[in-house]
Each structure stands twice: as structure tokens, then as C-alpha cells.
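The values are calculated or read from the model by the stated rules, or taken from the named source; none is laboratory data. Nothing here was measured: the structure is a model prediction, and the numbers come from that model. Cβ: placed from backbone, ideal geometry, glycine included. Neighbour counts: every protein chain shown. Heads up: the accessible areas ignore ligands, DNA and RNA and are worked out on the full protein's heavy atoms, side chains in. Shrake-Rupley method; radii C 1.70, N 1.55, O 1.52, S 1.80 Å.
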Amino acid sequence: DKTVGTSDFLALFIWLDAGSDFNSSTDSLGQQSGTFEFANIKLEAGSVATPFVVPTFADELRKCQRYLQVFGGNTAYETLSVSYPATSTTSCPAMIVLKNAMRVTPSLIAPTSYTNFGLSDGNVLTPLSVNPSISSTNSSFNTVILSCNVASGLTIARPYVLYTNNQITDKLILSAEL
């Protein structure tokens, strides 16, 4: 057992290649080559080691999506939101249902080009005229409401869906970083 004080610290060095300058630190490890793989390593407090539990991919993905979620980037003309009615001929909210709850209401990382996104009523895809923004009053940990604007052409109260245009690289990124 080791009692750690305010001026103490723990350091773990794993030398995979050392060269002659570090002979004294590595017991003459020297130059190495090859593939090194590490698995099931953990550090925990206390004198009793608990079993190592390998997290599932789904659990790790869910933990990551608490901080960052990406929508789009899979196919051309990808649906990003559920349908929502237009509030004017130039404005329509877009509700994005999050894949997993985020740790706080996220912020939107601005897309490279807002013209790569549009609103569609099922017949016509109208490109956005400015970058969408998050409506902080209606968004939550589970859903995000984007304020989307077009030059003209929407019908008030008609439902629209936010789509990507014909570029597979079009993405909306939501961030809840610390």
C-alpha cells in the first residue's frame, strides 16, 4: 500500500524502443521493431483489483455521443430532421431528434456551406439562405430545434424536412463539449 501525499504522483512508463541514450532507464532495451498490442489495462485505487470488464461498442458510442453527434455524411439528399411546419414563407424550424441524450443542450458547429442544406415539403428542395442556428428556448438534451431560413418559397403551416443536398460530405455537427 502507498499513501499518496500532496507532493506525490504516479507515473507509468512503457518503453517500446529506447536506443543507447536511455540504456540506464530501460535496462539496455535498445532498438526494437514489430507490432505492440495492449489490451485490458486499467489503473484503480485500492489494494484489491476488480475484474476487467470490456465495454461494448454500443456503450462506448453512447458515451461519446453525449459530447458530439454528427448528422449527414452518409448519402446524398439525406433526411436530417422530422417534419415541422413553416412559420413564414422564409422560415421553418427543423427538429433533430438526437441519437442519445447529450450532457447539455449542444451548440452547432457551422457547416462549411449552408447552401448544401435545404428544406423540402416532399416536392421541392429549397436551399437555405443562411447557416441554421439552434433555438435555445426549445432545444433540450434529447432534441434540437434549428432555425432555418430560405430566400423565399415556403408555404406557411406546410410541414418541411431538413435535407442535405447532393453532396455526401454535407454534415451538421452538434457539440456538447466541456
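Report the calculated FRET efficiency for S25 and R62 (r = Cβ-Cβ distance, R0 = 25 Å), to the nearest 0.05.
For R0 = 25 Å, the calculated efficiency reads 0.05.
Put a dot 7 Å past each Cα toward the Cβ at T50 and V124; how far apart are the dots in nm?
Roughly 5.9 nm, to one decimal.
Find, among the chymotrypsin sites (Phe, Trp or Tyr not before Pro) in the range 38-78, those assigned to loop by DSSP (not H, G, I, E, B) with at most 10 other beta-carbon atoms within 10 angstrom.
F38, F52
Out of all Cα-Cα pairs in the range 55-138, roughly what percent, to the nearest whole number, are more than 19 Å apart?
46 percent
Could you state the accessible area per residue of the chain in Å², with a 1.4 Å probe and every protein chain left in place? Don't skip to the answer; put the middle values down first.
Numbers: 11710 Å² over 178 residues.
The answer is 66 Å² per residue.
Of the accessible area of the chain, with the probe set at 1.4 angstrom, what percent is carbon plus sulfur?
That share works out to 55 percent.
Can you tell me how much longer the chain between T137 and S7 gets when fully stretched, taken as 0.36 nm per residue apart minus their C-alpha distance, in nm with one decimal?
42.1 nm
Does the range 122-178 come out rounded, prolate or oblate by the C-alpha gyration tensor, with a ≥ b ≥ c the root eigenvalues, rounded set by a/c under 1.5 and, if not, prolate when a/b is larger than b/c and oblate if not?
Working: a/c = 2.16, a/b = 1.40, b/c = 1.55.
Oblate is the answer for the range 122-178, as a/c is 1.5 or above yet b/c matches or exceeds a/b.
Rounded to the nearest 0.05, what FRET efficiency do A39 and T155 have when you use their Cβ-Cβ distance and R0 = 45 Å?
According to the calculation, E is roughly 0.20.
Taking one equal scatterer on every alpha-carbon of the chain, how large is log10 of I(q)/I(0) by Debye at q = 0.12 1/Å?
-0.71
Per-residue ellipticity at 222 nm for the chain, helices alone: DSSP H runs ≥ 4 residues times -39500 (n - 2.57), over residue total, nearest 500 deg cm²/dmol?
Here the helix-only value at 222 nm equals -1500 deg cm²/dmol.
Counting alpha carbon pairs within less than 8 Å and at least 6 residues apart, what relative contact order, in whole percent, applies to the chain?
Taking the mean separation of contacting Cα pairs over the length of the chain, I get 27 percent.
Is the shape of the range 26-66 best called rounded, prolate or oblate, per the rule: a/c under 1.5 gives rounded, else a/b larger than b/c gives prolate, else oblate, with a ≥ b ≥ c the square roots of the Cα gyration tensor eigenvalues?
Oblate shape, in that a/c is at least 1.5 and b/c is the bigger or equal ratio.
Using each residue's phi in the range 36-47, evaluate 6.51 cos²θ - 1.76 cosθ + 1.60 at θ = phi - 60° and report the 3J(HN,Hα) Karplus result to the nearest Hz, with x for Gly and Pro.
10, 10, 10, 8, 6, 9, 8, 10, 9, 7, x, 9
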